[in-house]
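Novice: Please find one structure pasted underneath; my questions will follow.
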Amino acid sequence: MTKERKTNRMSSSADKRRSAGPGSHILRTASARSVANPVAGSTKDGAVNAGNAVGSSSSNNNNIIAPPPRAQLGVVSVAGVSPVLGDEGPKPGDTGGGAATQKERETHGGASGSGTGGSNRKETDGQRIALLETELAVMEDEFARELDRLSRKESETATFWQGRVARAEDKARAACGEMEALEAECVELRAQVRGLKEFVSTSTRTDGQSATSDEVFGEGAARLGNGLQNWVIVHFRRAKIDFGKASEDELEELAALVPMYEELAAAAKVHLLQSFVSRVLVEMVFGAYFVGLSPEQARQFRDVEETLRSYSSEEAVNQWRSTTLTLLRREAGDKMHSETDAATERVIERINRVLDGITDIKTTDARDQALRALIVSAIDLGRLLAVQKAVFGVFMPEIVPHQQTMFDPATMEDVGGEDEETLSQRDICCVTFPGIMKRGDETGRMLAYRNIIAKATVLCSPE
């Protein structure tokens, strides 16, 4: 009876083990305390159960199904643990004593672990700080070396460029000195060339006459015309013309020089006065044989020239005239000084007498000095024209009342600067300054050729 119960109990145990699956029957046979702590779990009940299991397996091997290998290992491991002496497991009165002991162990272990971890962390931080300090020292050394290198490089660069600039300045100073020397040499060479030209010119010229280009005559005429215009504007721009207070002689002289003076008085006062002064200069300065000779001497020279024309050619006569007047101009300038001053005063007296008679402004020393300078310039220009081998003449177109004098663009220029094409069909009413015409070449030959050196300045009538 007892044997059958044991057999049934074992069968039911095997069925339960099989139903629970492999590896789980050992855990079920053990208590919760034995699972949590295998060593402490080897209590009296565990030992008894293990003994019963072993005894049952030894007595009934034929009727018990063998457990899986893992289950066997689990059983052996549980059963093979020898119980610790004195550890009889928890007693009925000691509820929770094992848990308290385990907590004390854990607390003690945690405290000891935290102390060890804190010391390890301090050591790690110290090592890290030492490493950072070492790296900082290395970086400082590298920075100092790099700074020294850059400083040396900058110093070398500055020294290089300073030397280069100094060399450039030296070269520039040397070049400036050389340029100044070359300029001085050029000036000296130009002076030598000019002297050689003058020497060649005087050596190849038999009569010693100095050549003068046509541009010199043109520039001289232009300066004289501008000076005369400025003199009239400065001294007579506010003057009022009154022919009623002038004498008959003054009006006759004005009419002989400027026939249309009455028509010009209202609309062209400045041009009227300029035309009158120009006529006087043409008649008394440019019309004279050679200013500085007395009237008797001038008449004698004219007679000799006419006599020579009857025996020689025009070329020979022009050469004689040029040579003779050049000699007078160079050698007899001082001797002709008194006669030149007398001729100048006669021109001033004639101009002032007429202008004072027809205007309300009287003569002054300043006006006479400016007029005297203009007359001296005209005398110099007239003498220069007279000593040339070519025949130079000063022309001033005649304006006759009730007769048209058309504008000629070849010999005239308008004082207003209008286009010559628009003035081709216009008549002129006043000639403000004469022109210069040249006949022949520099040697006195080919007198048929004519050239206008300076055009006459005219005032065209309004359309």
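Novice: In the P(r) worked out for the range 205-460, what percent of Cα pairs fall beyond 33 Å?
Specialist: Tail of the P(r) past 33 Å holds 24 percent of the pairs.
Novice: For the range 229-377, count all C-alpha to C-alpha pairs, find those more than 21 Å apart, and express that count as a whole percent of the total.
Specialist: 53
Novice: Additional query: Taking H as built 1.01 Å from N, whose amide H comes closer than 5 Å to the amide H of residue 453, not counting residues under 5 places away?
Specialist: Correct list: 436, 437, 438.
Novice: Applying 1/(1 + (r/R0)^6) with R0 = 22 Å to the Cβ-Cβ distance of residue 398 and residue 447, what FRET efficiency is obtained, to the nearest 0.05?
Specialist: 0.40
Novice: Across every pair of different alpha-carbon atoms, what Kirkwood hydrodynamic radius in Å does the range 125-204 reach?
Specialist: Value: 19.2 Å, from the Cα pair sum.
Novice: Separate question: Just need log10 I(q)/I(0) for the range 216-265 at q = 0.28 Å⁻¹, Debye formula, equal scatterers on the alpha-carbon atoms, no solvent, rounded to two decimals.
Specialist: With no solvent term, the Cα-only Debye profile gives -1.04.
Novice: Taking 41 Å as R0, compute the FRET efficiency from the Cβ-Cβ separation of residue 247 and residue 411 and round it to 0.05.
Specialist: Calculated value: 0.70.
Novice: Ok, one more. So what are the ³J(HN,Hα) numbers for the range 443-456, from phi and the Karplus equation (6.51, -1.76, 1.60; θ = phi - 60°), rounded to whole Hz, Gly and Pro as x?
Specialist: Computed from phi, the couplings for the range 443-456 are 9, x, 8, 6, 6, 6, 7, 10, 9, 8, 7, 9, 7, 6 Hz.
Novice: Give me the net charge for the shell around residue 359: Cβ to Cβ below 12 angstrom, other residues only, Lys and Arg +1, Asp and Glu -1.
Specialist: Residues near residue 359 contribute +4 overall.
Novice: Subtracting the Cα-Cα distance from 0.36 nm times the residue separation, let me have the gained length for residue 363 to residue 283 in nm, one decimal.
Specialist: Working it through step by step, the gained length comes to 26.6 nm.
Novice: May I ask you to compute the full-extension gain from residue 300 to residue 184, defined as 0.36 nm times their residue separation minus their alpha-carbon distance, rounded to one decimal in nm?
Specialist: Extending this stretch completely gives an extra 36.5 nm.
Novice: Given a cut-off of under 8 Å on Cα pairs at least six residues apart, what relative contact order in percent is computed for the range 327-444?
Specialist: Answer for the range 327-444 is 27 percent.
Novice: If you don't mind, another one. Using packing as a proxy for protection, rank 270-279, 321-330 so that the peptide with the highest average count of other Cβ atoms within 10 Å comes first.
Specialist: 270-279, 321-330
Novice: Mean separation of Cα pairs under 8 Å and 6+ residues apart, divided by the residue count of the range 222-379: what relative contact order is that in percent?
Specialist: It rounds to 42 percent for the range 222-379.
Rule-based calculations on the coordinates, nothing more; no lab input. Since the structure is predicted, the reported quantities are computational estimates derived from the model, not experimental observations. Neighbour counts are summed over all protein chains in view; Cβ atoms, including those assigned to glycine, are modelled from backbone coordinates with ideal geometry.
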